[in-house]
Structures are given as structure tokens and as C-alpha cells.
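Inspection log for the structure reproduced underneath, given as C-alpha cells.
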Amino acid sequence: MNLLSFRGGIHPPHSKSMTEHLPVEKALEPETVVIPLQQHIGAPCQAIVEVGEKVKVGQKIGEAGGFVSAPVHSSVSGTVKKIEKRMIINGTGTCVVIESDGLNEIHESVVPKGDVETLEPKEILDIINEAGIVGMGGAGFPTRVKLSPPPDKKIDVLIVNGAECEPYLTADHRLMLETPEDVVYGLRAVMKVLGLEKAYIAIENNKMDAVLSVKEAAKEYPGIQVVTVKTKYPQGGEKQLIYACSQREVPSGALPMDAGAVVSNVATMSAISKAIRTGMPLIERICTVTGDGIVEPKNIMIKNGTRISEIVAQAGGYKGDPGKLILGGPMMGFAQFTDNLPSTKTTSGVLVFTEEQARLPEYNPCIRCGKCVDICPSFVQPFAISAYSLNGMFDMAEKYNAMDCIECGSCSFICPSKRPLLHSIRMAKREIISKRRKTK
Amino acid sequence: MERKLIVTSSPHIRSNEATDKTMRDVVIALIPATLAGMYYFGFQTLIVVLLSVAAAMATEAIIQNMRKQPITVMDYSAALTGLLLALNMPPEIPYWMPVVGSIFAIAIVKQAFGGLGHNFINPALAARVFLIASWPVEMTTWKFPVDAVTEATPLALIKGSGVLPESVSIFNLFIGKVGGCIGEVSALALIIGGIYLVYRGVISPRIPLVYMGTVAVFTLIYSGFNFNFMMFHLLAGGLVLGAIFMATDYVSSPMTAKGQIIYAVGCGLITVMIRLFGGYPEGVSFSILFMNVVTPLIDKYVKSNVFGGVKK
């Protein structure tokens, strides 16, 4: 088999065996959900419900606040208790707190929207928009925006990302095994929106069972090609996946659409399928709760706005004293200082490390071994950018293409001296961006 | 939850790679060559090795102590410098010389410039050249392994006459039955160590292969396609030791693949120039040191093309 891949990258331990064979369980009904009005990149939503108001499952509670935005919906039926600022994943944000009545009454707007065959592309786009669908791989980019390229950008490569290259996470894997037809249905809808006859579903070769199951689901659609990509991190990176599937390089500083490509996650496809077939907006997702700090690792279908502490409790709670709580995977996920946070549309994983695993090693001087240069999938020189950044020489960092860093963390992972390479590159990127803003 | 959680930015996991493991691998890779040296030249080579290693480690510890820095002598880097220096010395060297050399390597070349990772040239090589310049007689008195008489090395023989010495066969050069420095005589032992380093992912074969390839191509052309002449230059002297263990030194060699190729070609060219036209019989130490100095320049001008930077 000819495995598609990209140049560079690393092979972190998969650590997926804890959960990859466990079917997705339905979470217990949360008594209260805390739904952030911003669950995506872009403008926050405006609340369209009031305190004391009754809401139902699937009811829109936040209207998109701009072009790059996506509405949010209630994941339970019950009463709005509060609309207030709360801690969310990356800081604080306005949240709608809803106390569930346990009845799960479905809102009247949740009705099947039709069929891919009969819907017009514009109608599908509207359904995707109204259902609040965002990229579920991690960044949370509103899907409607991704599927509405400016007229001068011709899209001819569509890739569904089923790589799931982050260690520990198995949510996408289980999704592809258990409901592959949803992935294919959603993909057909997206193909229609973009007017494409051909699309790829890319899956890493450590999930051959998922490859088979998706192939089976897609066998009636010759335009959909299931491709097996090499198990390598960051294989699921947009630019890396585009290169692996089409040998196209996204130009430096540009977006995938500048290379004529759109990449979207398998879970996003599944959400699109649900929105069309049942009318249910994006109110729940599969989340992998795992790590050595969890008693009973699991894949759980969680409702949007469920507290992380409740999710952890359903996986048996913490094993010993937790050292680190990460939302997402170990390579790009965000460490949190509390578990009193609501889950969102992008919570693909809750990863808990023991205290011992949580401690980052002391770092040593750079011995110029060049490993970071060898593995960098953006082909920049992490050691150089880091050195300039740590010396406050951000102009030089910019010259060394700091802005091309995709923040995959491979350099920090591989460094034998355990240097904080990505940390310092991030610092340089921030300085460069703020300087660019000032000079504009 | 009242427990304290550690919060850092991603990535949250690190590989098992570590500086001291890498250095230890290089030390392990040098064991065959060290044993070959002891086999051919006798027990006193072990004393040279031990003195050199001990002096290097002691110097590092004393200086770090003086500078109130963490003492890192157990990270194998000083030990490696001492070992490399010892392997670059004639077998019958006076015992004080490895000690002086190691002190110079660590104190002047490594610690004076800031310690691990900051030396701009290879400390062991710099110390060797320092010893050659200061005590040329002691550094060029050789012992021949078989009959234990003092004799010129193969490269010195060819330097005088310009023809291949009949007493030296290519096979003996390969296994190490010739005169020379402790660690450089057995190409076989060095190549075994090199394969280990490539297998362990410590070095890429790029620099050694391009370096030796350059020497091969130019000696072949120079001699009018005399294959024996080429093999002789590949196996005699410190080329194999230098190409595998010295030129690949992380700190003083370029970081990018392209840069490493330029560097290795440079090493090869200068080696051939010195051997064929220069005043010294061998040129490996000088060529690597010279290219070490050029490394920052190479790293400055030879950068990898950023992903998506060239093609549209």
C-alpha cells in the first residue's frame, strides 16, 4: 500500500489503546448546562433568550455575532437560570446557564430538512449555518465560512480529516467505526455545496478498522476516495493533509483555499448529516476521557455545556491526585487549572495526567543537534527562531519565518535538551503580530 | 477541585531523547575503535584514554564549580571530548600530554565560550591541533602495531615518496594493522560505531558519506582513476574517525541538510588539498576545524525553504 504523507513530523507514542476499542457511551443527563456564547473562532454570539425563559433541546439561544461566527443552541430542555460571564476554556466569556427539567423536549424547529439529493447548495449552506456547525477538530472555525470561499478562489480538493493524529484521542476513530454513513452523508452534502465530484477521506493507517468501515459506507459513491495516510504527527494538520493527498503546498502566509483546498473534520461531517436528516443542530459530540489520571477511560457522547468535572466523574473520576488536565490532545490541547469549566463543540478530549507525567523536564543548553530542523513540518528552523525570541530579537525571528510555524509542537517534543521551543516561538509570533498591527 | 493543577502551554508530552543519552551513545559507538587501538598498540593506550577522560571531566567540574554553575560532568559530554582526544593521539604519547590536551579542550575551547553547546569548534580537535603545534615531535612519533618499531604512518610514507607504500595493504588499512593514532587505525571498528550511531538516530549518514565521497572523487581524479590510491586515502589517517565522529559534532556543524552537505564537501576538499599539496601528511583535523569556523556563515546563508514558500 502506498501511504500518503508529508515531509517532517514525529512519532509520539499513540497511547490510544486505553479507549480505541470502547464503544461510545451516552453521558448521564447533566442537571445544569453552561453554554458559552463563543465556541468558535470569530465574533461571540448575542444571547436571544432571557433569564427565566423556558428552552427546549435544539432551540437557538445565541445568534451569530458576525460573518465569522456560528449560533449556539440549547442541549437540554429547561429554564434559563443565568446569563453571565464564566470561566471558559481560554479565559472568560458570557455563558447561558440552563437548568434541565430532565424531559429533553425537542424544539419545534428541529425537523428533518430534506435530503442531499433534493436540497440546493445554498439551502445546505443555510442548514449548516443555522445548526451552528463549526470545525470539530479543535480550532472551531465556522463551517459555513469555510464552505463559502470568495468567487475568485476555485476549490477543487476536498479532504475530510479522519487522521486523528493526536495521541490518546479516539473520538473520531469511534465515530468512523460506529456511524460511518453519517460521515459519508455529510461529505456528500459538502461536495454539493462546493460543486465537487471528488473528495478524499483521509485516515491514518493505525486505524485500519475505521478505513474499512468508512470504505464500506462510501462504496456506492465512486467520487469519495478513502485514503490511508501514514501514522505520523501532525498528519491531521490542514496543510500537511493537503500535501499528502494532493501534493499541493499551501503558500506561506495563505489559507488552504489559496491552494484550492478545503479540509474538514469527520465529526463535522457527521454533525452536518444530523442537521440535514434530523434537523438537530450541533449540541453534542463524542469526547475521549482518558489518561493515566482517569480511573476508567471512555469515549462519551457529551452534551454541549456539560461541566468537565461531571465528564470526569462519569469516567470513574480521578485516579490519585491529577497533575494536569488537558482539553484536547497532548500535543496541541490546552491545560486548565480547574475542571469547573463547560465543554464546547470542540472538546474532543479530556486528558488527565498524573503529577509525575505533568511535570515538564528541566531544560539544558541547545546542542545544535538539528533534530527540530529535521522534523519541522513547516520547514522552519525552530532553534533559531527560539533563540532570537528568547533574546528579544523578534525582527530576526520574523526573518526566520516564525509566522509559518503551525504550532504543532513537534520541535518541543523531539528536543533532547527539552528546550521550550514552541513556547518561545509563540512569544515571537505574538510580538510580530502586535508589531504588524501597530504599523498598519 | 482544590488540588493544584499544572498549567503549561502545549505540547504536554516530550520524547525520551536526552542530551546525555545521545552523548552516551557516541561513547558507546567509540568502544570498538578504542578496543582496536588497545589490541594493536597495547595496554598503555588504556592509560592514555583514562587520563584524558579523567582530566576532561575534572576540568569541567572545577570550572563549573568556579563559575557557580550546576555540575554536569555526568552528562558524558566532557567524557566524550576526553575520549575523542585520546583516540586522536599517538599510542606512545607521554602521559602528561593527554592531560594537558584535555584541560585545553575543556577550559579554553568549551568552557571559555560558555560550556555545552557554545563551543564554535570541536574541543577535541582543537586540543589535538594545539598539541601538534606545541609538541610536534611527541605528536608525530608513531608505533607500528606488528613489530613494535617506530615508523612513519602510511600517509607520511606517501607524503615523502608520492607513491603507494608497498608495506601497507588496503586490507591492513581497513582492519587497522598500520601505524597511526590510537583510535583512527581500524576503519572497520569506526564504521561499526558509525552504523550504530545511524541506527540509534544520533547522526545522519549525510556528513560522513559526503565527506568521504568528496575525498574519494577527488583522489580518484587526481590519481588518474587509480582505485588503490583512492582506497588508500579513504582508509589511511584519521578520515574515517574524523568523518564519522568529529565532523558530525552537533555543536560545530551546520543544522540544515543543505548546509551539512556544503560543510562536508568543504571538509573533503580541504582534506585532499592538505594531503596532496600541503605541508602536513594529513589534513582531517585542520579541514574540520576550518569548516567549524565557517559553520555559522553556512547556517546564516543556507536556510531550508519554508513549506509553501517556493512553489505556488
Can you give me the % of accessible surface on the protein assembly as shown that is carbon or sulfur? Probe 1.4 Å, all protein chains present, nothing else counted. 60
Interface call, region A:354-368: threshold 40 Å², probe 1.4 Å, accessible heavy-atom surface of protein chains, chain by itself vs complex, result A:360, A:365, A:367, A:368
Once you sort the root eigenvalues of the Cα gyration tensor of chain B as a ≥ b ≥ c, which label holds: rounded (a/c under 1.5), prolate (a/b larger than b/c) or oblate (the other case)? oblate
Please enumerate, by chain and number, the lysines with C-alpha under 21 Å from the C-alpha of residue A:438, excluding those fewer than 8 residues away in the same chain. A:399, A:429
Assign unit charges at the C-beta atoms only (+1 for Lys and Arg, -1 for Asp and Glu), then state the dipole size of region A:137-221 relative to its Cα centre in Debye, rounded to the nearest 20. 380
Cα-based Lys pair tally, chain B, threshold under 24 Å, eight or more apart or on separate chains: 13
Hey, how many Å between the Cα centroid of region B:190-227 and the Cα centroid of region B:278-307? 16
Residue-normalised value, i.e. accessible area per residue, for chain A at 1.4 Å probe, in Å², stands at 39
Partner chain Cβ atoms within 10 Å, averaged over the residues of A:318-331 - can you pull that number for me? 3
Between residue A:84 and residue B:9, with labels modelled 7 Å along Cα→Cβ, what's the label distance in nm to one decimal, could you check? 3.2
May I ask which residue of A:118, B:217, A:57 lies farthest towards the positive end of the charge dipole of the protein assembly as shown, with charges of +1 (Lys, Arg) and -1 (Asp, Glu) on Cβ and the Cα centre as origin? B:217
What is the spin-label model distance, in nm, from residue B:31 to residue A:363 if the labels are put 7 Å beyond Cα along the C-beta direction? 3.3
Nearest 10 degrees, 0 to 90: helix B:19-29 Cα axis against chain B principal axis: 20
Got a sec? What order do A:86, B:275 fall in by accessible area at 1.4 Å, biggest, i.e. largest, first? A:86, B:275
When you look at the Cβ of every residue in A:370-382, what mean number of other chain Cβ atoms sits within 10 Å? 5
For chain B, take the longest principal axis of its alpha carbons; what is the angle in degrees between that and the long axis of helix B:284-301, to the nearest 10 within 0 to 90? 40
Which order do B:200, A:285, A:277 take when ranked by solvent-accessible area (1.4 Å probe, heavy atoms of all protein chains), largest first? B:200, A:277, A:285
Size of the dipole of chain B about the Cα centre, Lys and Arg at +1 and Asp and Glu at -1 on the beta carbon, nothing else charged, in debye to 20? 1200
Once you list every other residue whose beta carbon is under 14 Å from the beta carbon of residue B:106, what net charge do they have if Lys and Arg are +1 and Asp and Glu are -1? +1
From the helices alone, meaning DSSP H stretches of at least four residues, give me the mean residue ellipticity at 222 nm for chain B, per-run term -39500 (n - 2.57), in deg cm²/dmol to the nearest 500. -17000 deg cm²/dmol
With a Förster radius of 35 Å, plug the Cβ-Cβ distance of residue B:265 and residue B:65 into 1/(1 + (r/R0)^6) and report the FRET value to the nearest 0.05. 0.25
Put B:100, A:183 in order of accessible area, largest first, 1.4 Å probe: what do you get? B:100, A:183
Using protein heavy atoms only (no ligands, DNA or RNA), what is the total accessible area buried between B and A, 1.4 Å probe, nearest 100 Å²? 4600
The simple spin-label model distance between residue A:31 and residue A:196, using points 7 Å out along Cα→Cβ, in nm, is 4.7
Partner lysines whose C-alpha sits under 16 Å from that of residue A:122, ignoring same-chain residues fewer than 8 away, are A:113, A:146, A:192
Kindly provide the helix-only [θ] at 222 nm of chain A, computed as the sum of -39,500 (n - 2.57) over DSSP H runs of four or more divided by all residues, to the nearest 500 deg cm²/dmol? -8000 deg cm²/dmol
What shape does region A:14-116 have by the C-alpha gyration tensor, where a ≥ b ≥ c are the square roots of the eigenvalues, rounded means a/c under 1.5, and otherwise prolate means a/b greater than b/c and oblate the rest? rounded
Non-local amide H neighbours of residue B:120 (under 5 Å, H modeled in plane, Pro and chain starts lacking H): which ones? none
Within 10 Å of each Cβ of B:18-30, how many other protein chain Cβ atoms are there on average? 2
For region A:284-342, what class follows from the C-alpha gyration tensor (a ≥ b ≥ c being the square roots of its eigenvalues): rounded when a/c is under 1.5, otherwise prolate if a/b is larger than b/c, else oblate? rounded
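The values are calculated or read from the model by the stated rules, or taken from the named source; none is laboratory data. On a predicted model such as this, the values are computed, not experimentally measured, just so you know. Using ideal geometry, Cβ is built from the backbone for each residue, glycine included, and neighbour counts are taken over all protein chains shown. To get the accessible areas, we keep the full protein, side chains included, count just its heavy atoms, and leave off ligands, DNA and RNA. Shrake-Rupley method; radii C 1.70, N 1.55, O 1.52, S 1.80 Å.
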